[in-house]
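Okay, so here's the structure we're looking at.
The values are calculated or read from the model by the stated rules, or taken from the named source; none is laboratory data. No experiment lies behind these values; they were computed from the predicted model shown. Every residue, glycine as well, gets a Cβ built from its backbone with ideal geometry; the counts of neighbours run over all protein chains shown. Heads up: the accessible areas ignore ligands, DNA and RNA and are worked out on the full protein's heavy atoms, side chains in. Shrake-Rupley method; radii C 1.70, N 1.55, O 1.52, S 1.80 Å.
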Amino acid sequence: MIARALAMAASLLVLVVVFVPLERLFPARRGQRVLRAGLGVDALFFAGAYMVWSGVSMATLGAVQGGLAGTVPVALRPGAIPVGLACLLAVVLGDVLVYWFHRACHAWEPLWHFHAVHHSAEELDFLAAHREHPVDGILTQLCQNLPAFLLGVPIGPLAAIAALRGMWAVFVHSNVRLPLGPLRWILGAPELHHWHHARLPQTTHNFANLAPWIDVVFGTHHL
């Protein structure tokens with residue numbers, strides 16, 4: 001428990017050091033305060049994710065990975081294909097699965113009940129990214145990691161990819177307007193994801209949080 005609390009404190013410190021200056025220097029909404037309404041709620045979600053749900057998520061992913069270990073084709077087992085190619089395929093296929101799961105969350109009411117928690121934030125910043133129902137979060141992580149399990153991606157590269165993409169997921173929610181230029185077709189950007197969070201009767205755009213090219217392919221991209 002102490003180790004988790006220390007990890008949570010260290011992670012929060014890194015996020016504050018990185019994102020608070022960005023949000024002050026390049027704000028998407030200039031009038032939004034650092035101590036905004038709903039900040040306490042998001043802080044509790046952040047704490048819950050670290051102190052409770054991260055352990056549940058890791059146990060669930062570990063159980064799924066272990067259950068699939070005997071079913072992975074020989075051609076896809078560790079060492080059968082280059083690690084770099086396996087990582088690339090895992091990321092691309094994982095993003096496609098997450099895209100369709102995300103669309104399903106907006107289209108199918110039973111999933112929307114969980115996903116609506118994330119959309120309840122009325123002001124977005126780096127901490128609002130953590131307002132997420134644990135069922136929604138665990139299912140999303142399962143979709144993201146399932147191809148990696150089937151491709152036999154080693155745990156080292158898998159953890160590094162997860163850490164980098166986790167940081168970028170926080171960035172797309174941050175109160176930042178920092179155009180990425182041509183990279184916006186490959187990486188998610190705040191201006192894309194903020195549109196997805198707009199209070200509309202039904203969100204129909206930008207479901208691929210971290211891979212906008214998928215929205216382009218399936219006709220749901222909007223800038």
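Here the chain has an Rg and Dmax of 17.7, 56 Å, counting Cα atoms alone.
With a simple spin-label model that places each label point 7 Å from the Cα along the Cα-to-Cβ direction, the separation between Trp100 and Leu183 comes to 3.0 nm. For region 13-51, the residues whose amide N sits under 13 Å from a probe point set 7 Å from the Cα of Met167 along the beta carbon direction are 14-19.
Here the Gaussian network model covers the chain, with springs between Cα atoms less than 10 Å apart; of Val176, Val96, Val14, Val14 fluctuates the most. Taking every protein chain into account, the 1.4 Å probe leaves Leu35 with about 130 Å² of accessible area, to the nearest ten.
On a per residue basis, region 82-223 carries 47 Å² of accessible surface, using protein heavy atoms and a 1.4 Å probe. Subtracting the Cα-Cα distance of Ala28 and His113 from their residue separation scaled by 0.36 nm leaves 27.8 nm.
Taking the Cα centre of region 1-156 as reference, the dipole from Cβ charges on Lys and Arg (+1) and Asp and Glu (-1) amounts to some 260 debye.
Carbon-plus-sulfur accessible fraction, region 48-153 (probe radius 1.4 Å, protein heavy atoms only): 72%.
Screening the chain for DSSP H helices whose Cα atoms reach 18 Å or more along their own axis and whose mean Kyte hydropathy is at least -0.5 gives 2-25, 54-68, 83-107, 134-151, 155-173.
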